[in-house]
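The values are calculated or read from the model by the stated rules, or taken from the named source; none is laboratory data. Note that the structure is predicted; figures quoted are calculated from it, not measured. Methodologically, a virtual Cβ is constructed for each residue, glycine included, from the backbone with ideal geometry; neighbour enumeration extends over all protein chains shown. Just the protein is used for accessible areas: all its heavy atoms, side chains included, with ligands, DNA and RNA removed. Shrake-Rupley method; radii C 1.70, N 1.55, O 1.52, S 1.80 Å.
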Amino acid sequence: MWSTAREIAAGDLVILWLTREALQPLVITPGKDFNSKFGHYRHADLVGIPYGSKVASRKGKGFIHVLRPTPELWTMALPHRTQILYLADIAFITSHLNIKPGSRVIEAGTGSGSFSHSVARTVGSAGHLWSYEFHEVRAGKAREEFARHGMNDIVTLTHRNVCREGFTVTDTVDSVFLDLPAPWEAVEHAKQALRKDRTTRICCFSPCMEQVLRTVNALNDAGFTEITMYETLLRPLDVSHVPVLTPIGEISEKLKQAERKREDKRLKQIAAGRQQSASKRKREDGTRMDDQSPEAAEDSTAVERKRIKTDEESAGVPLDVLPEPVQVMDLDGPEDFDAPVAPSGRSPVPVSTAKISVSKVMSEVRGHTSYLTFASLQPFSPPPPETESLTAAVTPADVES
Amino acid sequence: MAATSSSVRESRDSTVQSGDLVLLRIPNGDIKGVKVEKDTTVTIGRLGSFYANELIDQPYGLTYEMVDKRLKVVPPRTIQEVEDTDATNELINDGEFVQPLTIDEIQKLKVSGVHVSDIIKKQIEQHANYSLKTEYSKEKYKKRKEEKYSKSFTTIEPTLYNVCDYWFNKDKTRIRDIRADSLSQMLNLANIRPGGRYIAVDDASGLVVAGILDRMGGEGRLLTICDTDSPPPYPVTANMNFKPHVTSNVLVSLNWATAEEDYTPIIPPSDIPEDQIRSERQKSRLNKRKAVTDLLSNTRDELFYGEFDSLIVASEYDPWSILEKLSPYVAGSGSIVVHSPHIQILSDLQTQMRGASQYLCPNITESFLRRYQVLPGRTHPTMVTSGTGGFVLHAIKIYDDPNASKVIFDRRKPKKPKADQATEQHVTSGSDSPLKEDTSIENTADTIMLDVGSQKVQ
């Protein structure tokens, strides 16, 4: 399908990885330039470098990664013509329909070719994909794309409304995938296209439950069995590397320190108040000093205390009146409790530098794509019903064009 | 008429062959694995037994009834429409004596060879409240009775999906919780295709190896690294009933010692001069030894040459140490896929990978899968469902350009204000294909590596 050489050559399709949300396909055409906000590049400069290289912009501004296309990268980079299938559904359908090297598969409709590329890769040159698209312009674009990607040997694209006209092969394919607005209209046609000498499978991809119910009835009426339905989604996880969580012991220690500090301050203020009032009284009248209770002294110094506190805080100086000298400790971290001061003499609160990886599901994720209705057709042959051969068997070469 | 030639070399026969391990679904929904060997009798637990030859050369997927050790094909049954009635369980009380038919009587009927459907019919006739039941309830009753008395089974085609499902339900720890959906994502992400070259570390009983081999179709190279002296048996592959070419041309193994470049495996000499060989037996032993030695040395050369398309890991060992050892052998733009039942393991791994320059955008996903019962008028998700199929980490191997990042880092600050105007000229003269609709890219290139984790994937 795509180049398997180690190095990029002129004419190769590459996928430019700009960011994980901005991938872009590019055909290497020496003489052309690729310019974006991620820098300026000459196609010629990419020729000869290994796939998977990080490439710096010519002007030294920015870089891109030049990757080898895979169906999975193509799904992320392809030009959207329709709603497309993504990895989770593609992978699950491939697996449930038992698509593997050598498988013959029908797909309708082609859409933007996301599923087609994946199936073509998986069935390989020994298998085949018949793809049908009822929209002429889209069919044309897909045909060009498949040709450019070297898939002509593996994929046969037909512009056709399969609900009306059926498929171009009979008793041939191992599995059928229907991504149509009304898959039930194509179920009988699908049955004709499926081979009858072994178990074959069908998948109908519909976003609405009402479609599922109609499809199930059609499958049942057509004799399909093991009808079942699945829903599959990917939950992307967001991993962060964060400091180990603080044990509450540290928090309680901080709180205790703050409490001690407050008490120290209070006692100091009382002491300071006493001293002041004592000296005041001494100045006024030394005889009344004995009658005064400590409580009254405290009350009378309330105003003073406030003043002291204000002074201390506005000045931002250590409380030199404390019994022990105070050390200011920086516990850094914005979420730290507002008590950065700890009395010296006790060991400073240890700050752990260890980090852990934590993960959670991304806050917004894809919630629904479609319901996947599966059924199988067993190689049991009751007397075959008379079928007018609307769909003649044709070789892939005939169908093309 | 087949459009492509039928000379496709298939990975296994489309019919049951002598020597195959065949999975059978029995009426209660359980799946049993039986060995079908020509001219033997196969016994399915207490359900019954049949002559193996009856099953040989039969296509998969059919349902059989066992009658005197012979098999009678039962036509595939479609869903029967159930008519809605006004019946409710208003007047039905549990524990009431409703079934006069005793177990002994039923047993006698069974022994006398009365057909299941007749026994059930008889039970229904005797049932006191059967007519009061809703039609849905009647259906359930009949189904339950059938499960109990029916002597039938259905062969299950050993597709990768079915084999994975079987192991997942039987013993999910042995396959490290890899559910069919996770497995298929791993195979797609690793870009497994015919002709590819892959390295796998499979401590999941060979489920990953089976998946890779199935998708390679006998072309290419799969090199596995194991923790045992000799290549591991990978028991899951036995259920796939692969034809020899699927494995023999493709799969080779090394172990963690022989996979080390600076280690010289201790190998007894096999090149002994002709005149010193004493017997034919010794000669054949020496030849065998030489073949083993050559294989080992060739496999080592192949690993050390590198340029593998992908590395797939489902291991019980430290994934970072595995990546350090094996990612040098992955080609540029190749995929690295790691599965683990535990998110913590992959979270730590992702953090480590983000600190290394050769991994592009490692991201972790968990697959969600929900099955629905789809019966007419009774469609709903199944009441019991699998909680997890494990986690998958995917990254792309890249060749770093240290100068590129250096330049970027210098320019990180002045770049911000320019971001808006740059978005406009995103689709440029040089590109052949238009960019997909979403052009609202807020990240400048230099921040990609820094905050990959906070980006949405897909």
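For B:Glu157, nonlocal amide neighbours, meaning residues 5 or more places apart or on other chains whose placed amide H falls under 5 Å from its own, are B:Gly61.
Residues of region A:112-153 whose accessible area (probe 1.4 Å, heavy atoms of protein chains only) drops by at least 50 Å² once all protein chains are present, relative to their chain alone: A:Arg121. Heavy atoms of chains A and B lose about 9500 Å² of accessible surface on contact, summed over both sides with a 1.4 Å probe. Using a probe radius of 1.4 angstrom, the carbon and sulfur fraction of the accessible surface of region A:156-210 is 51%.
Per atom type, region B:201-291 shows carbon and sulfur on 50% of its accessible surface, probed at 1.4 Å. Per residue, the accessible area of region A:23-102 comes to 27 Å², computed with a 1.4 Å probe over protein heavy atoms only. On the basis of the beta-carbon distance and an R0 of 35 Å, B:Leu286 and B:Asn169 show a calculated FRET efficiency of 0.15. Computed from phi, the 3J(HN,Hα) profile of region A:174-185 under the Karplus parametrisation 6.51, -1.76, 1.60 (θ = phi - 60°) reads 8, 7, 10, 10, 10, 10, 10, x, 10, x, 4, 6 Hz, with x in place of Gly and Pro. Can you work out the PRE-style zone for B:Leu132? Point 7 Å along Cα to Cβ, and I want the residues of region B:90-126 with backbone N under 12 Å. Of the residues in region B:90-126, B:90-99 have backbone N under 12 Å from the label point off B:Leu132. The HN-Hα couplings worked out from phi for region B:293-298 by the Karplus form 6.51 cos²θ - 1.76 cosθ + 1.60 (θ = phi - 60°) are 4, 4, 4, 4, 5, 5 Hz, whole numbers, x standing for Gly and Pro.
Work out the FRET efficiency for B:Ile267 and B:Arg12 from their Cβ-Cβ distance, taking R0 = 45 Å, and round it to the nearest 0.05. Computed FRET efficiency for B:Ile267 and B:Arg12: 0.80.
Shape analysis of region B:103-149 based on the Cα gyration tensor places the equivalent ellipsoid semi-axes at 21, 11, 8 Å, largest first. Inter-chain neighbour count for B:294-300: the average number of beta-carbon atoms from partner chains within 10 Å of each residue's beta-carbon is 0.
For the residues of B:332-340, the average number of beta carbons from a partner chain within 10 Å of their own beta carbon is 4.
Near B:Phe304, within a Cβ-to-Cβ distance under 12 Å, what is the net charge of the other residues, with Lys and Arg +1 and Asp and Glu -1? Surrounding charge for B:Phe304 is -4. In this structure the amide hydrogen of A:Val173, modeled in the peptide plane, comes within under 5 Å of the amide hydrogens of A:Leu194, A:Arg195, none closer than 5 places in sequence on its chain. Residues in region B:16-28 carry Karplus couplings, in order, of 6, 10, 4, x, 6, 9, 10, 8, 10, 9, 9, x, 7 Hz; the curve used is 6.51 cos²θ - 1.76 cosθ + 1.60 with θ = phi - 60°, and Gly or Pro positions show x.
A dipole drawn for region B:160-397 from +1 and -1 charges on Cβ atoms has a positive end, and of B:Leu311, B:Val330, B:Thr351 the residue lying farthest that way is B:Leu311. Going out from 0 in 10 Å bins, what whole percent of all Cα-Cα distances in region B:6-76 drops into each bin? Whole-percent P(r) values from 0 Å outward: 18, 55, 21, 5, 0. All distinct Cα pairs of region B:294-340 go into the 1/r average, and the inverse of that average, the Kirkwood radius, is 11.4 Å. Taking every residue in A:198-207 and counting other chain Cβ atoms within 10 Å of its Cβ, the average works out to 2. Take A:178-188, A:113-123 and order them by the average number of nearby Cβ atoms within 10 Å per residue, most first; the result is A:113-123, A:178-188.
Between the amide H of A:Glu107 and those of A:Trp130, A:Ser131, A:Tyr132, A:Phe177, distances stay under 5 Å, these residues lying 5 or more places away or on another chain, with hydrogens modeled in the peptide plane. Across all C-alpha atoms in region B:160-397, the radius of gyration and Dmax reach 20.4, 84 Å.
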